[in-house]
Each structure stands twice: as structure tokens, then as C-alpha cells.
Ligand code: ATP
Ligand code: LTN
């Protein structure tokens, strides 16, 4: 393997991707393709923590592969694969689950939010133990960095704690990974358009709050024009409240403009003008992605070939780590018997 630092990240195929996924995750991945040795996974086993209709899960998984590539992930330079194609994830996930105290998992905000208001009879156990599987995804590849949005910080801390716990108990085995959040400027936490106090999310927010990467231009315009703004009448970049601040951030992230430039352009302008500019900037950023996506979806066999190649490459690395882990914890190797 090359001596570039290893990066691993993943997205669940649990619904259509939105602008937050792009600005917080996919785009930073694309920008790091030269600098790092990259593993980009579609975490389909994680999607099973929520009820999924099988045909729909298959479809969303293919769509997500196409979107990875349409956003600029180059399978010649980065390893793109499905988590479920590399069985080592599930196996290391189990070993790490056994090392994870319940108290650590009970503190996870995402779990608390998903479980809120539901009885223990109804919340799937997968939602609870999921951070141990996420840790396995990362530690199998000895990743140094994990580029994610702000909402994943807590899961990354748990991954680091697990890596350290394993290393202390069984000897140095895992690289302790670092989260990379918002390294490329804006985008680490894109807020919902209709309620800028919560993050834009594919499952938790309303359709109106979320610009989907595949939304047609008219829909994008409508959603952004209806976005919640502040109680004032004109833009003041320095004193903007949540709604306007979010729109300014989206503008910055999609155009590459600096803070001063954005303030100079919009200060004193009405909210309508800001929204029109943001809508056009988002449409311009998404247009080439949508065109490329349509081309890629027209050739499913080519997408499957990318996944097959990615899984083979990923397995090679994952198997090496897992063999060491198995040995460290005292599991006999499968080829140790007579005649092996
Ligand atoms: P769900 O609502 O189903 O949990 P999600 O919309 O939060 O989904 P994930 O699949 O959990 O999306 O996240 C994929 C990646 O996108 C993660 O790295 C996550 O941190 C990032 N991300 C998600 N939402 C945002 C957001 N609003 N702003 C910035 N990054 C985000
Ligand atoms: N928990 C993440 C998805 C995820 C992930 C990972 C992200 C699963 N495994 C490994 C980075 C690295 C989420 O809900 N967004």
C-alpha cells in the first residue's frame, strides 16, 4: 500500500442524499483524493438498523454508488465498495461490540434521539450497538482520518476509545483515527431550510427543509425561496441569526467565496435577493452532478464492476487486520488444523 495516510468514510443507503451530505461529507472526500489513500464505503449493514424494504434498499444502494461517482469520487484512485461485500466488517464489529460498555452506547446522542418516545420493545438493538460496527469500518483499514459532518464527532470519539481500549488490553493493533470535520471550510453542519435550529437530515427533517442532490432546479428554487430567515429586513453578515447564517454558509460553500466577499456582496440587501443568489449557486453546483448521475445510472453493469473491484481491494486490507485481531484476542486461525 502507498505511504499516504489512510482515509475511510461512509454513508448509509437509507434515502436520497441532500446538500448537507454533499458539503459535509462527499465534497471533502473528493477534495482529499490526491492527498490520501481513500476507502469510501456504502454502509448498507448500517441501513438495516432501520426497517428497509428490500427492493428499495437495493435501488438506493445502486443510486448511492452512482452519486459517489457523480460527485467526483474516482474509482481509479479511491476504493469504492459496499460494507456488506466485505464480511470482515461484521466480524470485527462483533469483537468490538464485546469490548464496548453499555454506558458508552447509552450516551450516544443519535441513539437517544432515535429511541426517544419509542418503547424498548420497538427500538431495534442495531440502533444501539451500531457505533461498534462503525468503529470496525474505520479500524479495519487502519484509517488515520475520517472525514464526516459535525454530527458524527461523538461516534468518532467512541471509535478512538475502542481502539485505545483494544490496544491497551491486547497490544498495539489499531491506528487511533482522527475525525476531519469542516476542514474544507463551510459545510460541516448545514441546517434545515425550514428550521435552521436542526441539521438538514434525510430522515429527521421535512422535505421542505432539505435540498436533495437530485432535486430539479425548480424544486431547489422553491425550497430556498421559502427558507426561514431572520426577524430583520436586510442581510447583516456579521450579525446574522441562524436562518440567514445558514443561507450565507451554503452560498459560501457552493461558490467558494470568502467571508469578506460574501459580506460585501449581500450586506444591506433584502432576503429575497440573497435567496435568489443562493438558489442559483446551488443549482449551478448540482447541475453537473445530476447530468453525470444520469449517465452512470444508465449502465448498471459498470457500477457493479466498480463495486466488485472495490470489494476485492478492500478485502485484502481488511483481512490482514482481522487476522491480527483474531490472533490477539485468542481465536484459533481457520487454517491451523491437521493437513492445513
Ligand atoms: P439520517 O438522517 O438518516 O441519519 P443524514 O442525513 O444525517 O441521515 P448520514 O447518512 O447520517 O446522513 O450522513 C452521511 C454523512 O453526511 C456523514 O458524514 C454526516 O456527518 C454528513 N452529514 C449529514 N447531514 C449533514 C449536515 N446537515 N451538514 C453537514 N454534514 C452532514
Ligand atoms: N454513522 C455514520 C455512517 C457511518 C460512517 C462509518 C461514517 C457508518 N460507518 C464509518 C464514517 C466512517 C452516519 O450515520 N452518518
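Using only the alpha carbons, work out the radius of gyration and Dmax of region 124-262 in angstrom.
Looking at region 124-262, its Cα Rg and Dmax stand at 19.0, 61 Å.
How long are the semi-axes of the equivalent ellipsoid of the chain, taking √(5λ) for every eigenvalue λ of the Cα gyration tensor, in whole Å from largest down?
38, 22, 19
Given 0.36 nm per residue, what is the gain on full extension from residue 222 to residue 153 after removing their alpha carbon distance, in nm?
Here the answer is 21.6 nm.
From the C-alpha coordinates alone, can you work out the Kirkwood hydrodynamic radius of region 1-147, in Å? Please report the intermediate quantities before stating the final value.
On the way: mean 1/r = 0.0616 Å⁻¹.
Kirkwood radius, region 1-147: 16.2 Å.
Taking 2.2 N^0.38 Å as the expected size of a compact globular protein, what ratio does the Cα radius of gyration of region 88-204 give against it, to two decimals?
Details: Rg = 15.5 Å, N = 117, 2.2 N^0.38 = 13.4 Å.
This ratio for region 88-204 stands at 1.15.
With everything on Cα atoms, drop me the angle between helix 125-139 and the longest principal axis of the chain, reported from 0 to 90° to the nearest 10.
Approximately 80 degrees, to the nearest 10.
Exposure proxy check: 225, 108, 191 ranked by fewest other beta carbons within 10 Å?
225, 108, 191
Could you give the Stokes-Einstein D for region 181-275 in µm² per second, using the C-alpha Kirkwood radius, 25 °C, 0.890 mPa s?
Here the translational diffusion coefficient equals 180 µm²/s.
Rg and Dmax of region 24-67, using alpha carbons, in Å: what are they?
When restricted to the Cα atoms of region 24-67, Rg and Dmax are 13.0, 38 Å.
List 166, 174 from most exposed to least, where exposure is judged by having the fewest other Cβ atoms within 10 Å.
166, 174
Could you tell me what % of all Cα pairs in region 190-246 have separations over 14 Å?
For region 190-246, the fraction of Cα-Cα distances above 14 Å is 53 percent.
Sort 94, 29 so the one with the fewest other Cβ atoms within 10 Å of its own Cβ comes first.
Ranked by crowding around the Cβ, least crowded first: 94, 29.
Based solely on its DSSP helices, what 222 nm [θ] is calculated for the chain when runs of n ≥ 4 H residues each add -39,500 (n - 2.57) and the sum is averaged over all residues, nearest 500 deg cm²/dmol?
On the way: 13 runs with 169 residues, N = 340.
Calculated at 222 nm, the ellipticity per residue is -16000 deg cm²/dmol.
Each value in this text was obtained by applying a stated rule to the coordinates, not by laboratory testing. A quick note: this is a predicted structure, and the numbers were derived from the prediction, not measured. With ideal geometry, Cβ positions are generated from the backbone for all residues, glycine too; neighbour counts draw on all protein chains shown.
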